[in-house]
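So the structure is just underneath, and the comments pick up after that.
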Amino acid sequence: MVEVSVLMPLYKTKYISWLAFESLIRQKDIDFEWELIVIEENTEEFTGKNKVESYKNKLSEVGCVKLTYIPLNKWISLSTKYFLLSAICDINSLLWTIAVGDYYSAPNRLKICYDSFIEHGWDFYRTKRLIYYNIHSGKLAERRISDRGSCCKAVRINIAKQVYYPEDRVRGLDGHFYRQCKIVKPDLVEFVEPNDYWRFGLNTHGFNNLSTNRGAKIDNLTNMFESSNLCLKDVLPIDIVQRIDTSKLNLSKHREGL
């Protein structure tokens, strides 16, 4: 029985979505069943159903019992994708978590999400710190996340289904979603990620389409970005580090923006 829904909204991620899938097939200590729902527009840089389904067997080895691919004929906002994904989660699922196409999830991410909700009764799982890597420049930085713009790692589905998703919202969605969850349930029981666990996941810049100026913020350490004592090999498996380095060859093929 599916207990966790992993939602993956994609848009022009042909050259980087492998990163998200590789992190999911390397999840550890899974003792529950989960589903993966991918939604994606048909663009010149789409990942595509065949590529998504090529991971099916490896996903099943780590507990994924249901893989759904939803193709879109036209662009829709990220908030609309959240709304659609929340609506079609398995009827038995208790929580959802977002896995974006250019993000490498920490190896125990799903297990920690599951335990924090099932065993401890949390409603909302968030982090206060993230690591970002600029593929263009090769620079890595840490970013503090304010409570106002709280970054959601997971939420109970019965709460997510009641959230208001503005049709045209494409930026600032994390903060909006958090505030909406507090409206749905004012006494929201929150779980803040363990102090150092954020060190094992990675956000990348280079093939993204929304925060196109984020690379400069990473390089110049502005807008809550801070220097880090970590290097890429401290965060990721060496084969993933090598693939990211190779992906630089595709940067010129990617067209930023919506």
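The values are calculated or read from the model by the stated rules, or taken from the named source; none is laboratory data. Keep in mind the model is a prediction, meaning the values are calculated, not measured. Ideal geometry is used to build each Cβ from the backbone, glycine not excepted, and the neighbour counts take in all protein chains shown.
Would it be correct to say that D187 is of a type in the set (D, E) and either in contact with a helix residue (DSSP H, G or I) (Cβ under 9 Å, 6 or more places away or on another chain) or at pLDDT below 90 (or both)?
no
Only residues that are outside any loop (DSSP other than H, G, I, E, B), of a type in the set (K, R) and more than 22 Å from L130 (Cα to Cα): list them for segment 174-193, please.
Correct list: K182 only.
Among what's in segment 87-142 and is basic (K, R) and closer than 24 Å to I37 by Cα, pick the residue that is farthest from the chain's Cα centre (by Cα).
Per the criteria, the residue is K111.
Quickly run through segment 63-86 and pick out the residues that are within 18 Å of the chain's Cα centre (by Cα) and farther than 24 Å from K14 by Cβ.
Within segment 63-86, F83, S86 meet the criteria.
Name the one entry in D219, D168, D196, D174 that is on the phi < 0 side of the Ramachandran plot and modelled with pLDDT of 90 or more.
After ruling out the rest, the residue left standing is D219.
Applying the selection to segment 99-122, what residues are at pLDDT 90 or above, surrounded by 22 or more Cβ atoms within 10 Å (Cβ to Cβ) and more than 23 Å from R243 (Cα to Cα)?
If the condition is that a residue be at pLDDT 90 or above, surrounded by 22 or more Cβ atoms within 10 Å (Cβ to Cβ) and more than 23 Å from R243 (Cα to Cα), then L110, Y114 are the ones that fit.
Can you tell me which residue in segment 52-79 is surrounded by the fewest Cβ atoms within 10 Å (Cβ to Cβ), limited to those that are among the basic types (K, R) and farther than 29 Å from D168 by Cβ?
Looking at residues that are among the basic types (K, R) and farther than 29 Å from D168 by Cβ, I get K56.
Filter segment 224-258 down to the residues that are assigned to a loop (DSSP other than H, G, I, E, B) and touching a residue at least 40 places away in the same chain (Cβ under 8 Å) and list them by number.
If the condition is that a residue be assigned to a loop (DSSP other than H, G, I, E, B) and touching a residue at least 40 places away in the same chain (Cβ under 8 Å), then M224, S227, S228, L230, C231, L236, P237, H254, R255, E256, G257, L258 are the ones that fit.
Answer yes or no as to whether F32 is hydrophobic (A, V, I, L, M, F, W, C), at pLDDT below 90 and either in contact with a Phe, Trp or Tyr (Cβ under 8 Å, 6 or more places away or on another chain) or farther than 30 Å from E190 by Cα (or both).
no
Considering only segment 15-121, give the strands (runs of 3 or more DSSP E) lying wholly within it that have at least 1 residues that are in contact with an Asp or Glu (Cβ under 7 Å, 6 or more places away or on another chain) and either in contact (Cβ under 8 Å) with a residue 40 or more places away in the chain or among the hydrophobic types (A, V, I, L, M, F, W, C) (or both).
In segment 15-121, the matching strands (runs of 3 or more DSSP E) lie at 33-41, 64-72.
Kindly indicate whether L173 is under 23 Å from L19 (Cα atoms) and either surrounded by fewer than 19 Cβ atoms within 10 Å (Cβ to Cβ) or under 15 Å from the mean Cα position of the chain (by Cα) (or both).
When the stated conditions are applied, L173 passes them.
Is there a residue in segment 10-26 that is under 21 Å from F200 (Cα atoms), surrounded by fewer than 15 Cβ atoms within 10 Å (Cβ to Cβ) and out of contact with any helix residue (DSSP H, G or I) (no Cβ under 7 Å at 6 or more places or on another chain)?
Within segment 10-26, none of the residues are under 21 Å from F200 (Cα atoms), surrounded by fewer than 15 Cβ atoms within 10 Å (Cβ to Cβ) and out of contact with any helix residue (DSSP H, G or I) (no Cβ under 7 Å at 6 or more places or on another chain).
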